[in-house]
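Worksheet: the structure to be examined is printed underneath.
The values are calculated or read from the model by the stated rules, or taken from the named source; none is laboratory data. Note that the structure is a prediction, hence the values are computed from the model and not measured. Please note: Cβ atoms are built from the backbone with ideal geometry, for glycine as well, and neighbour counts cover all protein chains shown. Accessible surface areas use protein heavy atoms only, side chains included; no ligands, DNA or RNA. Shrake-Rupley method; radii C 1.70, N 1.55, O 1.52, S 1.80 Å.
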Amino acid sequence: MTSQRAATRSMTSLHRNSLPIPDELAVEIFSRLPSKDIARCRCACKLWSSMLLREDFTDLFLTKSSARPQLLFACQDHNRNYIFFLSSPHPEKEENSSYVVVAANHNLARFPSSSYKLFGCTNGFCYGARPRSRKPVICNPSTGQSLTLPRLKSRKWFGVVERRGQDSPLVNNYLGYDPVSKEFKVLSMERSKISAKHQVLTLGTKKLSWRLVQCTTAHYSSNKWISISGVIYYAASANRSSANSMVACFDLRVEKFSFVNFGRAMHDSTTLVNYNGKLGLLMSGDAPGENISTTSKSFELWVLQDAEWSKHVYILPPSWKDVVTKTMCFAGIIVDTNEIVLAPSLQNVPSYVIYFNVERNTITKVGIQGMEAFQGKRFNTYLNYVENVILL
């Protein structure tokens, strides 16, 4: 009897500290689960938690997720003080179909909003802050985690005296990811020409703190930005009154700025996009100031390569005016297919988005099912969302 109890204890210990299959196979199986199930499995036992927190697993999960990017919808419900995230797969390719339907996934997390404004998403993490606040917030819709960053350095830290009662200055914030160092960094700056007011913070360090980064080129930043392959790009202007006419490039690894002139004022509709791993400026081909609407005739895509711009013009097919009924804005370009995606500018519930296949010159209206509970709420639409199970 004693030997039986000892054997039972030995087997129990074995099951607690090892799996009956090789670790490599277990990691592969876990990597095929939805992110919400990964969170549950991490709570099941110490062995699973240890395995699912390892860097090799989180890297594999992100790689698999990156192969199937999704649409991400963010609803800021001020009545309930929550930000709700929903995702949706891209539609299956259907020949000669001008309307398809996809279902929204409600498995992503929600976060207390407290009037936070979202600025964008990078590699599965979303970034926001209260208007005029110096305390930005990072959240991960896949894990349900959020992280409030330290307060930005004050003007006094820069040698600027603030008057009592003076509002905090408006800032632009950008979240970038360097795939080589596997680091997320936040770049923040006042909407000012004073170059010393640029600050950067690295996520994942023991003590989060902002530090000064120098920029010798005086410029004004904007809220048009994107992170591609370890570089944050944002549209910029030479002075406060002029339109954006250049692109600032911040290399996350060396934390240095460089600039590329566009050569003319950017169209109001200009959106920074990832085009085959290169920076693209996607804009309306119509007169400056005109909205993207039923009367639009063409789009322009300017691609940056070796510090030179190459221009692509896409003429919209006749079906455009039959499908589009509202003023639209660019959501971006799908990384794998180079399809242009647009969403209604003032859509309260994202009941549809528009896909423009530039190779086949076709327009597809994609209906989004499962959003009825958010009727009357405003949404932001993001492309190329990937699930990331790295903990903040």
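Quick notes on this structure:
- Dipole magnitude of the stretch 169-327 about its Cα centre (Cβ charges: Lys, Arg +1; Asp, Glu -1), debye to nearest 20: 540
- Peptides 178-189, 233-244 ranked from most to least packed, by the mean per-residue count of other Cβ atoms within 10 Å: 178-189, 233-244.
- Dipole in debye (nearest 20) - the stretch 19-67, about Cα centre, beta carbon charges: Lys, Arg +1; Asp, Glu -1: 300
- Simple spin-label estimate for residue 327 and residue 245 in nanometres, 7 Å along Cα-Cβ: 2.6
- Distance between the pseudo-spin-label points of residue 46 and residue 59 (7 Å out from Cα toward the beta carbon): 2.7 nm.
- Surface accessible to a 1.4 Å probe, residue 377 within the full protein complex, Å²: 50
- Of the solvent-accessible surface of the stretch 19-67, computed with a 1.4 Å probe over protein heavy atoms with every protein chain present, carbon and sulfur atoms account for 62 percent.
- A protection proxy built from the mean count of other Cβ atoms within 10 Å ranks the segments 57-65, 202-210, most packed first, as 57-65, 202-210.
- If a spin label sat at a point 7 angstrom from the Cα of residue 256 along the line to its beta carbon, the backbone N atoms of the stretch 271-310 nearer than 20 Å would be those of 279, 305-308.
- Extension reserve of the residue 37-residue 308 stretch, reckoned as 0.36 nm per residue once the Cα distance is removed: 93.0 nm
- 18 Å Cα-Cα reach of residue 93 towards aspartates and glutamates, excluding residues that sit fewer than 8 places from it in its own chain: 336, 339, 359
- Listed residue pairs exceeding 20 Å between alpha carbons, taken from 326/365; 278/326; 185/206; 117/377; 36/207; 297/365: 278/326; 36/207
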